[in-house]
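**Student:** Have a look at this one.
The values are calculated or read from the model by the stated rules, or taken from the named source; none is laboratory data. Fair warning: this is a prediction, and the values are worked out from it, not measured in the lab. For neighbour counting, all protein chains shown are included, and Cβ atoms are generated from backbone atoms with ideal geometry for every residue, glycine included. Calculation scope for accessible area: heavy atoms of the full protein, side chains included, ligands and nucleic acids excluded. Shrake-Rupley method; radii C 1.70, N 1.55, O 1.52, S 1.80 Å.
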Amino acid sequence: MRLIVGLTGGIGSGKSAASAWFEQQGICVVDADVVAREVVQLGSPVLQQLVASFGDWVLLENGELNRRALREHVFADDQARHTLNQITHPAIRAAIVEQLEQASSPYVMLVSPLLFESQQNELTSRSLLIDASIELQIQRASMRDGQSLEQIQNIIAAQMSREQKQQRADDIVLNDGELEHLYAQLRSLHLKYLALSEQ
Ligand code: ADP
């Protein structure tokens, strides 16, 4: 069976930097966030289901999903969030499986901020955590997106704790130094994954 590595980490931990490095080595990367946007694109059956369940207000004037309106609607309503997840999660999972099957590289990677939270690790052979202190996460995420401290802290609070992720991950890279330090650690994991993929 093909080796599938699940890559995860909190906001600002360096997931995107790490996955870009693996892509440069020729490794196919499936990004769960990208897939989640693809399954609700204009004309998709999932978007039609969302309209049928919630109403026309989930659409923008151009017919695309009004993410913000939907996000605000489900924010304080557990039942609505449950409905949303029931519609989107199976479609996201199916599309991830399909993209992983189509990917052609010695091993493949699934990048997901919610790898453990959404049980997407079930689709992978092993997991790699990009780990960083909360202080570094906040510093990097605020520099990248210009989000407020409060917004970033809310996202961190909603994600699984750093300790829980450390316990569940097969491999951990501490991204607490220069990017070169991150890449050096990824290089040795890449060699390990190549060796595992040949078994
Ligand atoms: P994530 O995808 O986990 O949210 P990113 O990979 O986008 O995190 O990293 C957040 C920001 O921090 C990006 O602008 C990235 O270039 C930067 N960054 C990541 N790791 C380092 C590092 N070791 N040194 C300096 N900047 C970093």
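**Student:** Pick out, in residue order, every one of the GluC sites (Glu not before Pro) in region 37-79 that is DSSP loop and has at most 14 other C-beta atoms within 10 Å; say none if there are none.
**Tutor:** Hits after loop and neighbour filter: Glu61, Glu64.
**Student:** Let me ask something else about it. With a cap of 12 neighbouring Cβ atoms within 10 Å, and only residues DSSP puts in a loop, list the GluC sites (Glu not before Pro) found in region 118-199.
**Tutor:** On the way: sites: Glu122, Glu135, Glu150, Glu163, Glu178, Glu180, Glu198; in loops: Glu178, Glu198.
Hits after loop and neighbour filter: Glu178, Glu198.
**Student:** Now for a separate question. Counting pairwise Cα distances across the chain, what percent come out greater than 29 angstrom? Can you show the working numbers first?
**Tutor:** Working: 5743 of 19701 pairs.
Roughly 29 percent, once rounded to a whole number.
**Student:** Using only the heavy atoms of the protein chains and a 1.4 Å probe, how would Val46, Val51 rank by accessible area, largest first? Show your work: numbers first, answer last.
**Tutor:** Numbers: Val46 10, Val51 35 Å².
Order by accessible area, largest first: Val51, Val46.
**Student:** Cα convex hull of region 36-104: mean projected area in nm², to one decimal?
**Tutor:** Values: hull surface 19.7 nm².
Reported value for the Cα convex hull: 4.9 nm².
**Student:** Before anything else, pin down the relative contact order of region 7-111: Cα pairs under 8 Å, at least 6 apart, normalised by residue count, whole percent. Kindly include the intermediate steps, with their values, before the conclusion.
**Tutor:** On the way: 92 pairs, mean separation 43.4, N = 105.
Result for region 7-111 is 41 percent.
**Student:** Normalised by the residues of region 115-199, what does the relative contact order come to in percent, with Cα pairs under 8 Å and at least six apart? Please list the in-between numbers first.
**Tutor:** Working: 51 pairs, mean separation 31.1, N = 85.
It rounds to 37 percent for region 115-199.
**Student:** I've got another one for you. Solvent-accessible area of Asp171, probe 1.4 Å, all protein chains present, reported in Å² to the nearest ten, please.
**Tutor:** Rounded to the nearest 10, that gives 10 Å².
**Student:** Follow-up question, since we're still on this one. Ignoring ligands, DNA and RNA, what accessible area per residue does region 52-199 give at 1.4 Å, in Å²?
**Tutor:** On the way: 8870 Å² over 148 residues.
Spelled out: the 1.4 Å probe surface of region 52-199, per residue, equals 60 Å².
**Student:** Remind me, relative contact order of the chain in percent, using alpha carbon pairs under 8 angstrom and six or more residues apart?
**Tutor:** RCO, the chain: 37 percent.
**Student:** Please report the carbon-and-sulfur percent of the accessible area for region 53-155; probe 1.4 Å, protein heavy atoms only, DNA, RNA and ligands left out. Write down the numbers at each step before the final one.
**Tutor:** Numbers: 2920 of 5930 Å².
Within region 53-155, the accessible surface is 49 percent carbon and sulfur.
**Student:** How much of the DSSP bridge set in the chain is antiparallel, in percent, rounded to the nearest 5?
**Tutor:** Around 5 percent antiparallel, to the nearest 5.
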